[in-house]
1. Listed residues Gly88, Gly84; which is away from the ligand (no atom under 14 Å from the Cβ) and either touching a Cys at 6+ places or on another chain (Cβ under 6 Å) or in contact (Cβ under 8 Å) with a residue 24 or more places away in the chain (or both)?
2. Please give the number of the condition Lys277 fails out of (1) charged (D, E, K, R); (2) within 25 Å of Gly299 (Cα to Cα); (3) more than 16 Å from the ligand (Cβ to nearest atom).
3. Residue by residue through the range 192-216, note down the ones that are under 28 Å from Met126 (Cβ atoms) and surrounded by 14 or more Cβ atoms within 10 Å (Cβ to Cβ).
4. I need the full set of residues from the range 23-37 which are of a type in the set (Val, Ile, Thr) and either in a strand (DSSP E or B) or in contact with a Ser or Thr (Cβ under 7 Å, 6 or more places away or on another chain) (or both), in order please.
5. If Lys7 satisfies all but one of (1) out of contact with any Ser or Thr (no Cβ under 7 Å at 6 or more places or on another chain); (2) more than 13 Å from the ligand (Cβ to nearest atom), what's the number of the condition it fails?
6. Return the residues of the range 95-116 that are touching a residue at least 60 places away in the same chain (Cβ under 8 Å) and surrounded by 24 or more Cβ atoms within 10 Å (Cβ to Cβ); say none if nothing qualifies.
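What follows draws every value from the coordinates through simple rules; no lab data is involved. Just so we're clear, the structure is a prediction, and the values are computed from it rather than from any experiment. Because the Cβ atoms are built from the backbone with ideal geometry, glycine has one as well, and the counts that use them run over all protein chains shown.
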Amino acid sequence: MAKKRAKVGFVGLGLMGAPMAANLVKAGFTLRVWNRTADKAEPLATAGAVKVVTATDAARGADFVVVMVADDNALDSVLFGDAGLSRGLKRGAVLINCSTTSPAMSYRAATALRSISVRYLEAPAMRSVQAAREGKLQMLVGGSREDFQKAEPILKALACDIHYIGEIGKAETLKLALTLLAATMVQAFAEYFVLARKTGVPFETMMEVLKVGPLDSQLFRYMEQVVVNPGGRPTFYLKHMLKDVNLALDIGRQLEVPVPLTAGVRQILTAAKNLGKGDDDFAALLDLMAEWAGVPVRG
Ligand code: NA7
């Protein structure tokens with residue numbers, strides 16, 4: 001199907017969803033958008049999308065529907081709740097779930113949608129809000145290869161690195177495995193930082209030795225920016241990192257795979273959330289570790 005003619009629905013206009021939807025408008029798709037908090041759809045309406053009143057309306061007539069919501073409950077609700085997508089999706093439409101959910105929820109969604117002849121892909125997204133704005137996300141895709149190929153024009157408007165992983169569940173699992181890697185790396189960076197800080201090593205020196213050695217990473221460069229330029233808007237909520245770490249631990253439990261580092265980081269993320277940092281950027285782990293160590297993050 002020529003991409004200019006494809007009708008697309010979009011549900012979930014949070015930090016990541018809003019810029020993704022904007023890119024679909026820019027790419028020329030006819031877009032109908034819905035978000036639980038209706039105000040967040042206004043900028044999209046100004047940019048040329050049609051703001052609709054229910055998720056069902058967003059699905060009506062759509063060839064593809066992209067969903068970018070918080071978690072399993074949110075996905076269940078927007079798909080199968082009152083006025084949910086499943087009531088409006090036409091036969092043969094492709095539902096693309098970009099949210100990070102449990103593989104079990106993804107599988108459940110695929111099965112229920114198949115019973116009404118709707119195709120389903122899981123396509124959890126990686127990278128930052130900035131990458132979402134630039135259409136440069138990384139996506140891991142699960143589902144049938146045929147559906148993947150059909151959805152490629154949509155995915156390519158959102159992401160520049162797209163990996164077909166295989167059957168439903170595998171892409172979500174791999175995404176969660178990557179999140180546990182990210183969470184443990186952030187915690188490790190915070191511990192590196194406080195130990196060096198406590199002995200008076202300047203931050204510039206900490207970063208200088210890190211950057212020229214074998215341990216450098218884009219994630220640590222991001223942490224550097226958070227320290228150097230404080231006060232930015234969150235790019236990935238700490239509460240979502242905790243959600244993903246919990247999902248990764250669930251998989252570990254189901255498969256009897258020990259993930260001891262992740263279990264430890266879960267405790268710290270839980271503490272951070274209970275201390276009111278859930279709606280902060282995940283980098284707030286650094287602030288918590290600094291507080292525990294009795295050192296300032298800056299200055
Ligand atoms: P945000 O900015 O927290 O956005 C979450 C979106 O999910 C937002 O549109 C929410 O609507 C929506 N949401 C949350 N719960 C519900 C329910 N119950 N029903 C309907 N809609 C809901 O997250 P991000 O954009 O950073 O991340 C999205 C996903 O990518 C997530 O899985 C991450 O782990 C990765 P609201 O605006 O609150 O009404």
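1. Matching residue, one of Gly88, Gly84: Gly88.
2. (3)
3. Hits for the range 192-216 are Tyr192, Phe193, Val194, Phe203, Met206, Met207, Leu210.
4. Thr30, Val33
5. Unmet condition: (1).
6. Within the range 95-116, Cys98, Ser99, Thr100, Thr101, Ser106 meet the criteria.
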